[in-house]
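Below is one structure; the comments refer to it alone.
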Amino acid sequence: MRKNDSITGNFDWILFGIYILLIVFGISTIYSVTYNPEHPSIFSFSEMYGRQIFFVGVSLFLGLLVFLIDSDIYRKFSIPIYLFTLSLLIIVLFTKPINGAHSWLGLGAFGIQPGEFAKIGTAILLANYMSSFNVKQQNGQTVIVSLAIIAIPMLLILLQPDAGTFVVFTAFFFVMYREGLTFDPIVLRIVNAIPGVRFKSTWLGTHFIPILFVVVFLLVITLIISHKPILLDAYPGEEFSGYWRMFIALFVTSILGYLIMRSIFAKRDARRALVIALMAFSTSVALTATVQFGFESLPPHQKTRIELWLGIYEPEEGTGKVEDGADYNRSRAMTAVGSGGFSGKGYREANVATTKTEHVPECETDFIFSPWAEERGFVGSIFLVILYTFLLLRVITIAERQRSKYNRVYAYSVAMILFYHFAINIGMNIGLVPIIGIPLPLFSYGGSSMMAFSVMIFLLLKLDSQRKDVLN
Amino acid sequence: MNFDTRKYVIISFFVITGLMYGIKLFYMQVVDTETWKLEAQRIAERRIEVTPPRAVVFDRNGNKVIENKTYYNLMMIEEEMVDFDTVAFGKLIGMTKEEVLARIEEIKEGEGKYFNPHTKEYQTNYQRIRPYPFLKELTADEIARIAPQLDNFKGFYEEVTSMRNYPYRSGANILGYLAEVTQEEIDRDRFYKPAYKIGRAGIERFYEKEFRGKKGVKYIVTSARQNTVGSFEDGRYDTTAIQSQGIVLGLDIDLQAYGEKLMQNKKGCIVAIEPATGEILAMVSAPTYDPNLLVGRKNINEHYPKLVEDGNKPLFPRPLASEYMPGSTFKPIQALIAMQEGVVQANTGFPCNKSVVGCHNHPHPGSVTQAVQYSCNPYFYALTRRIIQQGKHKSSFKDSEVGIDIWAEYMHSFGLGKKLKTDITGLRAGNIPDSKYYDHWRGKGQWKFSAIQSISIGQGEVQLTPLQMANVAAIMANRGWFYTPHFVKSIDGGGPREEYTVKNRTMVDSKHFPPVVEGMRRCVHEPGGTASRARIPGVITCGKTGTVENFKLVNGRLIKKPNHSVFIAFAPMDNPKIAIAVFVENTGGGGGTWAAPIASLVIEKYLNGEVKSVEKEKRILDAKLSLWE
């Protein structure tokens, strides 16, 4: 067996190529969007494009640093790294809030967002922990520890508060799913507590994560159904919570489900059908009620964003048109994208998504997809979607060829985090996802995100290049 | 257990998301792109209509009669107002704190108000980010005091605007005035927007389209804060606004001003026409007002109601819209018609027989010339009887019917009894009765000449506007033809409207004019003429006086009021330069006493450039003739 005789021997040039391509496109778009005729040079550090190039330089330096260190080090030091990123998350809570959130840690002229780096720390520790036990050994404790590794930074991020990064952390659940980490021990412990019930495994526990996401999707429908209060002719002037509709629907479905199951199952399993129906009913009611309650207790602007996304938003009287009020960001970004047409308005010809006109706010960061789509049209935007999808699939390919579980878990974490950022960011630019402020990886303006994603990818490249050293 | 198959769950997540986004992007950017392009236009592009300044107006000698003067509006953008110190601001602009706040409320509720035809309601589209005028129409002096301190009040800035200015302060009834457009006008003509000005009277109204010019259009890219970011696609679709090159009037503004001065403390009119062209040299309506009183909202709000309520009706354009009996000034036309019809020859004489109508003492007129000179009433009764009752029918009733229609047709050819096509609004037709008219009022077959004979001497049912009288003078000067009297001599360097270049011939041949014109000369220059006060040294003037009996209906009874004094004239006799009609109401005197000297002063001023008849002038200026009701 040939040991890697050079650093670049097993280097994945394709992933590196996509990485560079995205950065170049990103800088060109930032240049177009924030162009200042007084500083036309792309290297002007007073302008965002100059600064972004500086960030890329720093990122590449960090990447090289990451690459030079032996991959074993990360594994060994995963707990200190994790704790270091956690400590940053704690320190940041004591800073002065910017725009109402404690997300920025000032380092001289440039600030960093610890939330971006916490993803790396979490990924490394999760990989370390999950590779430490055999699948067969998994029990309630392993699930809880894994969850805790994810939940602690999430909690700290919620305190900032930074809803976007918080949501991104749920990406790790998919990683757990891929590794077969099952929630079954927990689910079984709850279910088998019911007298007379003794399951060996449940489908719910095994596929808990994908089911959870399907359920979340269904819960959205709950919100749509229950947002309008019920008015009964028999009780004029009184409003009943719209949630009762959901409750009744669930009740009827459960009874029907029970009857159907009883007719299918053997007679001795009639009791089992009742348990399943009761379980389904009670968990559904609990879940939908929680969502309903949680939704009601959201801050108004987030509630409005979700209502807009669901199409159930009703402006208060006298506040004018929806698109000029609460739905401003979304409708402006969509206008920029849609008006790009097939071939786009041309480079630096955008007049909706540009800082010159400010119609699309944050169009160099969270909404950077809209100027890209406005200037390059459908041709450009479909190219970018394909490029990102290709990037994701490439990371999966890399993940699947790893011999060590540690490497694979880490690679999947990278893939899922990139996917979340890609799906949410572009999704909100085209109206498919409610507004959640997270950057488009390697594309949006911003030092922290650029450095964090670079380190994340270079670490992956490093692990991948040394994959053959590992005998697992 | 092997979980490798679970990678497909994740891969399908990625691929499905990519596909979904691709489809949605295809839908937005290819299928539905027009919707979004329109939306992009709505939010990021603005079509700005650039309205050119209104035309500048010159008189015949190149004097600027109407110009545009720069004013300033103090604009306010609520969104940008921070730390607004109402007390200090009020002090700066001379308001109390309460007044400042009240004005802001007023703007919020009123300025953006418009009628929504869909909801049929008045709605306000006031927006915090839009500029609204806080104070309007400030002069340069006023803004100079405020502007330097505006930096202390964020959200306030000055904006240049322009308003009309009338440096000569005269000609109000000719020039007219501007006022803000009504909603109906905005609905009818897309040129106008709220707060636009439109000509409300005079030539400002008549030539509205020429005065306002052609709008230009600019397409600009606007920011979310409504600021202009730049021109759209380097101005590829822009057009420039075109201001009128200037409008030249036939008016002589100095003559106009002089006429207005002569008519001070009197009620009546002066109309002067250049016979060779039909251009109106002056048109005085007394009493008048300073046109600058009706410039801008503040002024209009203050002065317009006063002018409307004024019992002497200064806003009423008398020369165009007052219909007076012409009195004896009508006689020359009667003589001309009679000669053309062949019922009277130039040397036909009638005795001054005072049995039918009174007359003053003079020799029996032995010719048309003498009849005009003496203004002999019985002569013109006899003459007109011959026109009306030519003996074509046995029945004198039927005969009169035919005769009066012939007569009326002649009168129409003199521009009487119908509206002249003069380029101004508010014209009236006067009245020339015909058979239909009398049939209506007296019954068919119920009247003949003897019943209507007072028309012979320009009384009874005959009514003329002073403009028509002046036009008659112009016809006399031209010996039988006229150009329709008009104000505008040239638009944008071209000529007048085509209709003013067409010669209108009367039905009377030129050869019949000399005896009548000679009679008019004698009126002025011969002893015993009625208009000796119209003499000007070195100028041969031809004129005809008139003294119009004035009855007024008071409580259902006709009350005799002081006579009106009328005079029509032209000068010089050969190659006439000016034709004029003067009408002074309620003087009590005859045409020779007041109207003739006023006309002569105007003629002298126009022909000689200065007035040497100082005493005559003084007498007129000092006179307070009209009975102010």
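The values are calculated or read from the model by the stated rules, or taken from the named source; none is laboratory data. The shown structure was predicted, so the numbers you read here are calculated from the model rather than taken from an experiment. We place every Cβ from the backbone using ideal geometry, glycine too, and count neighbours over all the protein chains shown.
Do you know which of the residues in segment B:7-64 that are more than 8 Å from chain A (Cβ to nearest Cβ), closer than 30 Å to residue A:174 by Cβ and of a type outside the set (A, V, I, L, M) is farthest from the chain's Cα centre (by Cα)? My answer is B:8.
Could you tell me whether any residue of segment B:150-160 is in a helix (DSSP H, G or I), loosely packed, with under 12 Cβ neighbours inside 10 Å and modelled with pLDDT of 70 or more? Yes, the conditions are met somewhere in segment B:150-160. Just so you know, in segment B:480-503 the residues that are assigned to a loop (DSSP other than H, G, I, E, B), more than 23 Å from residue B:515 (Cβ to Cβ) and not charged (D, E, K, R) include one that is modelled with the lowest pLDDT, and it is B:493.
Specify the residue that is nearest to the other protein chains (Cβ to nearest Cβ); the eligible residues are those in segment A:421-440 that are among the small types (Gly, Ala, Ser) and assigned to a loop (DSSP other than H, G, I, E, B). Even if it seems obvious, please write down each step before you answer.
Initial filter on segment A:421-440 (among the small types (Gly, Ala, Ser)): A:423, A:427, A:431, A:437.
Right, trim to assigned to a loop (DSSP other than H, G, I, E, B) and you get A:431, A:437.
On the way: A:431: 8, A:437: 18 Å.
Applying the filter and picking the extreme gives A:431.
Evaluating residue A:209 against the criteria (1) within 30 Å of residue B:5 (Cα to Cα); (2) more than 14 Å from every other protein chain (Cβ to nearest Cβ); (3) surrounded by 13 or more Cβ atoms within 10 Å (Cβ to Cβ); (4) at pLDDT 75 or above leaves one unmet condition, (2).
Given the options A:374, A:349, name the one that is at the interface with chain B (Cβ under 10 Å from one of its Cβ atoms), of a type in the set (Asp, Glu), part of a helix (DSSP H, G or I) and over 21 Å from residue A:13 (Cα atoms).
On the way: A:349 fails: part of a helix (DSSP H, G or I).
Checking each option against the conditions leaves just A:374.
Take the conditions under 30 Å from residue A:349 (Cα atoms) and touching a strand residue (DSSP E or B) at 6+ places or on another chain (Cβ under 6 Å) and apply them to residue B:241. Does it pass? Let's see the steps before the verdict.
Working: under 30 Å from residue A:349 (Cα atoms): yes; touching a strand residue (DSSP E or B) at 6+ places or on another chain (Cβ under 6 Å): yes.
Yes, satisfied.
Entry remark, segment B:612-627: residues being without any contact (Cβ under 8 Å) to a residue 12 or more places away in the chain and farther than 26 Å from residue B:562 by Cβ number 1 in total.
Mind checking which residues of segment B:531-555 are closer than 20 Å to residue B:513 by Cβ, among the polar types (S, T, N, Q) and not in a strand (DSSP E or B)?
Let us first name the residues in segment B:531-555 that are closer than 20 Å to residue B:513 by Cβ, namely B:531, B:534, B:539-546.
Those left that are additionally among the polar types (S, T, N, Q): B:541, B:545.
Answer for segment B:531-555, where residues must be closer than 20 Å to residue B:513 by Cβ, among the polar types (S, T, N, Q) and not in a strand (DSSP E or B): just B:541.
Consider segment B:190-223 and keep the residues that are out of contact with any strand residue (DSSP E or B) (no Cβ under 9 Å at 6 or more places or on another chain) and free of Cβ contacts under 8 Å to residues at least 60 places away in the same chain. The one that is farthest from residue B:245 (Cα to Cα) is B:190. Counting only helices (runs of 4 or more DSSP H) that sit completely within segment A:47-114, those holding 3 or more residues that are within 24 Å of the chain's Cα centre (by Cα) correspond to A:48-68, A:78-92. Within segment B:331-352, identify whether any single residue is under 17 Å from residue B:433 (Cα atoms), touching a residue at least 12 places away in the same chain (Cβ under 8 Å) and among the basic types (Lys, Arg), and answer yes or no. Looking for residues that are under 17 Å from residue B:433 (Cα atoms), touching a residue at least 12 places away in the same chain (Cβ under 8 Å) and among the basic types (Lys, Arg), one finds at least one in segment B:331-352, hence yes.
Which of the helices (runs of 4 or more DSSP H) contained wholly in segment B:263-376 include at least 3 residues that are out of contact with any Asp or Glu (no Cβ under 9 Å at 6 or more places or on another chain) and farther than 23 Å from residue B:623 by Cα?
Working: elements: B:296-309, B:318-321, B:331-341, B:368-374.
In segment B:263-376, B:296-309, B:331-341, B:368-374 are the helices (runs of 4 or more DSSP H) which contain 3 or more residues that are out of contact with any Asp or Glu (no Cβ under 9 Å at 6 or more places or on another chain) and farther than 23 Å from residue B:623 by Cα.
Sub-6 Å Cβ pairs linking a first residue in segment A:328-356 that is without any contact (Cβ under 8 Å) to a residue 12 or more places away in the chain and closer than 21 Å to residue B:225 by Cα to a second residue that is in a loop (DSSP other than H, G, I, E, B) and of a type in the set (D, E, K, R), at least 6 apart or interchain, are A:331/A:323, ordered by first then second residue. Among residues of segment A:292-310 that are under 15 Å from residue A:436 (Cβ atoms), those with a Cβ under 6 angstrom from a residue that is part of a loop (DSSP other than H, G, I, E, B), sequence gap 6+ or separate chain, pair up as A:304/A:326; A:305/A:434; A:305/A:435; A:306/A:434; A:307/A:313; A:308/A:327; A:309/A:434.
Just give me the residues in segment B:198-230 being part of a loop (DSSP other than H, G, I, E, B) and away from chain A (no Cβ under 14 Å), in sequence order. Residues satisfying the conditions are B:200, B:201, B:207, B:213, B:215. Return yes when residue A:418 is within 12 Å of another protein chain (Cβ to nearest Cβ) and in contact with a Pro (Cβ under 6 Å, 6 or more places away or on another chain) and no when it is not. Taking the combined requirement at face value, the residue satisfies it.
Looking only at segment B:430-479, how many residues end up being part of a loop (DSSP other than H, G, I, E, B) and of a type in the set (Gly, Ala, Ser)? Can you show your working first?
Let us first name the residues in segment B:430-479 that are part of a loop (DSSP other than H, G, I, E, B), namely B:430, B:432-434, B:443-448, B:458-462, B:465, B:479.
From what is left, the residues that are of a type in the set (Gly, Ala, Ser) are B:430, B:443, B:445, B:458, B:460.
Final tally of qualifying residues: 5.
Residue count for segment B:164-185, restricted to those that are closer than 19 Å to residue B:138 by Cβ and among the basic types (Lys, Arg): 1.
For residue B:381, are the conditions met, namely being within 20 Å of residue B:563 (Cα to Cα) and aromatic (Phe, Trp, Tyr)? Can you show your working first?
On the way: within 20 Å of residue B:563 (Cα to Cα): no; aromatic (Phe, Trp, Tyr): yes.
For residue B:381, the condition - within 20 Å of residue B:563 (Cα to Cα) and aromatic (Phe, Trp, Tyr) - is not met.
Let's see how each residue does on (1) touching a strand residue (DSSP E or B) at 6+ places or on another chain (Cβ under 8 Å); (2) modelled with pLDDT of 90 or more:
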position: B:327; (1), (2): yes, yes
position: B:337; (1), (2): no, yes
position: B:351; (1), (2): no, no
position: B:357; (1), (2): no, no
position: B:362; (1), (2): no, no
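Residues in segment A:157-170 that are surrounded by 22 or more Cβ atoms within 10 Å (Cβ to Cβ) and assigned to a helix (DSSP H, G or I): A:157, A:165, A:168. In the condition set (1) touching a residue at least 40 places away in the same chain (Cβ under 8 Å); (2) in contact with a strand residue (DSSP E or B) (Cβ under 7 Å, 6 or more places away or on another chain); (3) surrounded by fewer than 13 Cβ atoms within 10 Å (Cβ to Cβ), residue B:537 is compliant with all but (2).
Can you find, within segment B:171-228, the residue that is nearest to the chain's Cα centre (by Cα) among those that are surrounded by fewer than 15 Cβ atoms within 10 Å (Cβ to Cβ) and at positive phi? Across segment B:171-228, the extreme among qualifying residues is B:195. Counting residues in segment A:401-413 that are in contact with a Cys (Cβ under 9 Å, 6 or more places away or on another chain), buried (at least 20 other Cβ atoms within 10 Å of the Cβ) and closer than 28 Å to residue A:171 by Cβ gives zero. Restricting segment B:280-306 to residues that are without any contact (Cβ under 8 Å) to a residue 24 or more places away in the chain and exposed (fewer than 15 other Cβ atoms within 10 Å of the Cβ), which is nearest to residue B:568 (Cα to Cα)? Within segment B:280-306, the match that is nearest to residue B:568 (Cα to Cα) is B:306. Taken together, A:365, A:354 contain a single residue that is within 27 Å of the chain's Cα centre (by Cα), within 10 Å of chain B (Cβ to nearest Cβ) and either surrounded by fewer than 24 Cβ atoms within 10 Å (Cβ to Cβ) or not small (Gly, Ala, Ser) (or both), which is A:354. Counting only helices (runs of 4 or more DSSP H) that fall entirely inside segment B:1-111 and contain at least 2 residues that are closer than 30 Å to residue A:211 by Cα and modelled with pLDDT of 85 or more, the qualifying elements are B:6-26.
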